[in-house]
Amino acid sequence: MSGGLLAVSGLTKRFGGLTAVDGVDFQVEEGQIVGLIGPNGAGKTTVFNLISRFYEPDGGTLTFRGQNLLSVPPHRIVGLGIARTFQNLGLFPYLTVLDNLLVGRHREFRGGVLPLALGVGRGWREERRAREEALGMLESFGMGALAHAPASLLPYGTQKVVELLRGLMAKPKLLLLDEPVAGMNAVETAMMAQFIRRVRDERGVTVLLVEHDMSLVMEICEHIVVLDFGRKIAEGTPAAIQAHPKVIEAYLGEEAGRARV
């Protein structure tokens with residue numbers, strides 16, 4: 001498989017006798033919002049961990065913007081233009097929202113501790129530019145008033161948005177969102193859906209997300225890939241996925257799947 005912003009071909013990962021990801025193929029085209037879905041244990045987060053190079057695959061290829069990701073050290077992945085969030089919140093709770101966003105730009109800071117403390121040199125200028133950009137991003141998303149609030153004091157849904165914005169500070173071409181609305185109520189979920197659309201529409205960032213909230217997936221994704229027991233069982237538009245017998249069987253059980261065919 002070739003082409004697309006991200007191309008996944010024959011991706012395989014084993015943990016002892018368990019094959020968590022089994023020969024998975026799919027592409028993510030530039031400008032898309034793509035959903036990677038499946039029941040618990042289907043291998044979705046493992047795929048994310050392989051793309052972001054936390055795990056080494058046992059087989060297959062990963063290509064991003066024409067480059068072989070498997071030839072790139074894990075700490076260089078962000079520099080290529082791939083950022084991600086995690087299932088569990090990864091904010092620094094006692095840092096401000098602004099400082100949490102600045103963590104997303106850490107790879108570009110070159111100055112030492114002393115010049116930063118004294119407010120001189122290249123590193124200080126880089127940090128000042130990053131602060132201005134972070135403040136501008138918060139303002140553009142209607143969160144400017146929260147810049148200096150400790151992250152721990154924010155509602156859960158707002159913390160998830162801050163985590164998404166921190167990912168944007170890395171200037172990604174592809175943003176991997178791992179269960180972005182897990183634990184959210186209906187109002188927070190609607191807010192996150194709006195934010196994800198704005199990330200793609202206004203900032204040109206392609207999004208690949210893992211999510212169990214099917215109403216969100218069907219609402220915002222143009223393309224969906226479905227995994228079950230580590231294998232891809234379906235791929236297509238939201239309408240096609242909703243009607244696919246293998247997807248119905250995976251989510252509702254074999255008898256329900258047969259009844260719907």
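Taking segment 50-66, which residues are in contact (Cβ under 8 Å) with a residue 40 or more places away in the chain and either assigned to a strand (DSSP E or B) or among the aromatic types (Phe, Trp, Tyr) (or both)?
TYR55, GLY59, GLY60, THR61, LEU62, THR63, PHE64
If a residue has to be β-branched (Val, Ile, Thr), within 17 Å of LEU5 (Cα to Cα) and within 16 Å of the chain's Cα centre (by Cα) to count, how many in segment 46-79 make the cut?
4
Can you tell me which of LEU154, LEU176 is in contact (Cβ under 8 Å) with a residue 12 or more places away in the chain, in contact with a Phe, Trp or Tyr (Cβ under 6 Å, 6 or more places away or on another chain) and open to solvent by less than 70 Å² (accessible area, probe 1.4 Å)?
The conditions single out LEU176.
If you check ALA117 against the conditions, is it modelled with pLDDT of 95 or more, assigned to a helix (DSSP H, G or I) and exposed (fewer than 13 other Cβ atoms within 10 Å of the Cβ)?
no
Just for segment 139-151: of the residues that are modelled with pLDDT of 95 or more and part of a helix (DSSP H, G or I), which one is surrounded by the most Cβ atoms within 10 Å (Cβ to Cβ)?
ALA151
So which of VAL47, VAL24, VAL8 is closer than 16 Å to LEU70 by Cβ and in a helix (DSSP H, G or I)?
Residue meeting the stated conditions: VAL47.
May I ask you to list the residues in segment 67-96 that are assigned to a helix (DSSP H, G or I) and open to solvent by 70 Å² or more (accessible area, probe 1.4 Å)?
SER71, HIS75, ARG76
Can you spot a residue in segment 40-47 that is in contact with a helix residue (DSSP H, G or I) (Cβ under 7 Å, 6 or more places away or on another chain) and either among the basic types (Lys, Arg) or touching a residue at least 24 places away in the same chain (Cβ under 8 Å) (or both)?
no
Restricting attention to segment 173-211, report how many residues are over 16 Å from GLU30 (Cα atoms) and either in a loop (DSSP other than H, G, I, E, B) or touching a His at 6+ places or on another chain (Cβ under 8 Å) (or both).
8
The values are calculated or read from the model by the stated rules, or taken from the named source; none is laboratory data. Keep in mind it's a predicted model, so treat the numbers as computed, not measured. Methodologically, a virtual Cβ is constructed for each residue, glycine included, from the backbone with ideal geometry; neighbour enumeration extends over all protein chains shown. In case anyone asks, the SASA skips ligands and DNA or RNA and just uses the protein heavy atoms, side chains included. Shrake-Rupley method; radii C 1.70, N 1.55, O 1.52, S 1.80 Å.
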